[in-house]
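Enquirer: Shown below is the structure under consideration.
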Amino acid sequence: MSALIGAALLAAGRPVTARELAATLDLPEQTVRREFQAFERTLAAADLGFVAEAVAGGWRLIVPPALVACLSPLLAPPPLPALSSAALEVLAVIAYRQPVTRAEIEAMRGGSAGTVVPLQERELVKVVGRSDAVGSPLLYGTTARFLLDFGLDSLGELPPLGSGGFSHLLRG
C-alpha cells in the first residue's frame, strides 16, 4: 500500500487529497488516512531525501528544507523576486477579506491596488466572481497556489489579524 501511495503522490506532482487517493485505490477514506500515516513513518525511517507534507487539503512529496540548499544548482527556474510590501499588503487584504473588489482593497489600504495583476501572474490570487455593486466589479480571492506558497492547509490557518501579518509565513 505504501508503494501505491508514494507512486500516486509522485505521479500527481501536486497535493493529492484523501478522497482522491481513496477513489484511486478503491478504499474507504479512513483506511487511506491510516495507510498514509504508515507511509509517512516508513518514509521517515528510510531517510530517502524527501518527505510527505500535508498542505492545501492534501499531501505532496517535498525535499526537506535542510536539503534544499545543497540542491540549489539543480533547482530551476530561479526564484521570483520577493513580493514588495505593497504587494504583501494587497495580498493580505485579499486573503483576509475575500471575496473583495479592487475598490475595497484600495479603500482598506488607502492606496492603489495596482499589484493585483502581478499577484494574478504569480497565481496567488484570481477572479472569483463579480460583485452585485454598480458596474459589477470583479471579486478577487486567493488560490490553491497561495496556500502552497505560504505552507497553509487552509485559510483557517492564517494568523489572527492582530499578530503582525502573515509575511513571516513566506519561505526562503
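The values are calculated or read from the model by the stated rules, or taken from the named source; none is laboratory data. From a predicted model like this one, the values you see are computed outputs, not experimental measurements. Methodologically, a virtual Cβ is constructed for each residue, glycine included, from the backbone with ideal geometry; neighbour enumeration extends over all protein chains shown.
Enquirer: Would you check if there is a residue in region 11-32 being in contact with a Pro (Cβ under 9 Å, 6 or more places away or on another chain), under 28 Å from Thr142 (Cα atoms) and assigned to a helix (DSSP H, G or I)?
Expert: Within region 11-32, one or more residues are in contact with a Pro (Cβ under 9 Å, 6 or more places away or on another chain), under 28 Å from Thr142 (Cα atoms) and assigned to a helix (DSSP H, G or I).
Enquirer: Right, next: Check whether at least one residue in region 80-99 is within 30 Å of Leu48 (Cα to Cα) and in a loop (DSSP other than H, G, I, E, B), and report yes or no.
Expert: yes
Enquirer: Show the residue pairs meeting these rules: Cβ distance below 9 Å; 6+ apart or different chains; first residue within region 42-62 and assigned by TED's automatic domain parsing to the domain that holds Ala12; second residue surrounded by fewer than 11 Cβ atoms within 10 Å (Cβ to Cβ) and at pLDDT 90 or above.
Expert: Between residues of region 42-62 that are assigned by TED's automatic domain parsing to the domain that holds Ala12 and residues that are surrounded by fewer than 11 Cβ atoms within 10 Å (Cβ to Cβ) and at pLDDT 90 or above, the close pairs are Ala56/Ser154; Gly57/Ser154.
Enquirer: In region 109-154, what count of residues is obtained for those that are more than 21 Å from the chain's Cα centre (by Cα), surrounded by 15 or more Cβ atoms within 10 Å (Cβ to Cβ) and modelled with pLDDT under 90?
Expert: 2
Enquirer: Take Leu61 and tell me if it is at pLDDT 85 or above, hydrophobic (A, V, I, L, M, F, W, C) and under 27 Å from Glu121 (Cβ atoms).
Expert: For Leu61, the condition - at pLDDT 85 or above, hydrophobic (A, V, I, L, M, F, W, C) and under 27 Å from Glu121 (Cβ atoms) - is met.
Enquirer: State whether one or more residues within region 127-134 are in contact with a Leu (Cβ under 7 Å, 6 or more places away or on another chain) and either among the hydrophobic types (A, V, I, L, M, F, W, C) or within 19 Å of Ala86 (Cα to Cα) (or both).
Expert: Yes, because at least one residue in region 127-134 is in contact with a Leu (Cβ under 7 Å, 6 or more places away or on another chain) and either among the hydrophobic types (A, V, I, L, M, F, W, C) or within 19 Å of Ala86 (Cα to Cα) (or both).
Enquirer: Something else about it: Determine if region 42-55 includes at least one residue that is surrounded by 16 or more Cβ atoms within 10 Å (Cβ to Cβ), out of contact with any strand residue (DSSP E or B) (no Cβ under 7 Å at 6 or more places or on another chain), at pLDDT below 90 and not in a helix (DSSP H, G or I).
Expert: Yes, region 42-55 contains at least one residue that is surrounded by 16 or more Cβ atoms within 10 Å (Cβ to Cβ), out of contact with any strand residue (DSSP E or B) (no Cβ under 7 Å at 6 or more places or on another chain), at pLDDT below 90 and not in a helix (DSSP H, G or I).
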